[in-house]
Amino acid sequence: MNWYSSTMDTPVGPFTTLLADDETVLASGWTVDANLLASLVHPTLKPEADPQPRADLGQVTKAVLAYLDGDIAAVDEVAVRQRSGVFLEQAWQALRDVRHPVTYTEFAALAGRPAAVRAAAQACARNAAALFVPCHRVLRTDGSLGGFRWGLPVKRWLLDHEA
C-alpha cells in the first residue's frame, strides 16, 4: 500500500492531508510537515514508505476547497480511517455527526458514555484527521475553546467560518 500527501493554502495556514491508496484520509492538519502527520497514524495503518507528495488528492482536495468556500458539509462524506481502542473509535465516529459546537460533556453522551468526559477529551486530543473528524466543534462547559492540536487561532477561525 502507498500513501500520499498534499498541502494547500487556507486562510489560517497550510493544511496537509495524508491519503491511503483507497482514498481514505489517514491524517490531516494545519502543517506542511507530512512526517509529523505520519507520526499520528496508528502503526497498523502506516505503509512502510514515506508519503508521496501530490499536488492534488482528487475528491478530498475538492471537498476541502468546497468547505473553505462555505460548503461546510463538503468534508462530511470524505472517508477517514483511524485506529485505537473501542471507545476512541466510537467517539471519532460520533464526532463525524456533530454539526454544531457541543461541550465535552455533550460529546461524551453522543459517544455513548456520558460519564466519560475525560475520555471524550482524549478522543479530541488524539484525533489524527482534523477537519474531517471535527474535534474543533467541541468546547469547554463554559463555552471557551479548550485545546486544539493545531492552535486556538485555527480552532476559532473554523468555528467562525462555520457559524
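None of the figures in this text is laboratory data; all of them are computed from the coordinates on show. Since this is a predicted model, take the numbers as computed values, not measurements.
Using only Cα positions of region 86-162, each an equal point scatterer, no hydration layer, compute I(q)/I(0) via Debye at q = 0.13, 0.24, 0.26 Å⁻¹ and quote the log10 values to two decimals. Summing over Cα pairs of region 86-162 leads to -0.31, -1.12, -1.32. Averaging the Cα positions of each part gives two centres, and for region 113-163 and region 34-94 these lie 16 Å apart. Compactness of region 3-75, taken as the C-alpha radius of gyration over 2.2 N^0.38 Å, stands at 1.06.
Based on Cα atoms of region 66-112, Rg over Rh with Rh as the Kirkwood radius reads 1.02. Treating each Cα of the chain as an identical point scatterer and summing with the Debye formula, the log10 of I(q)/I(0) at q = 0.13, 0.14, 0.18 Å⁻¹ comes to -0.57, -0.67, -1.11. Per-residue 3J(HN,Hα) values for region 129-136, derived from phi via the Karplus relation 6.51 cos²θ - 1.76 cosθ + 1.60 with θ = phi - 60°, read 10, 3, 6, 6, 10, x, 5, 5 Hz in sequence order (x marks Gly and Pro).
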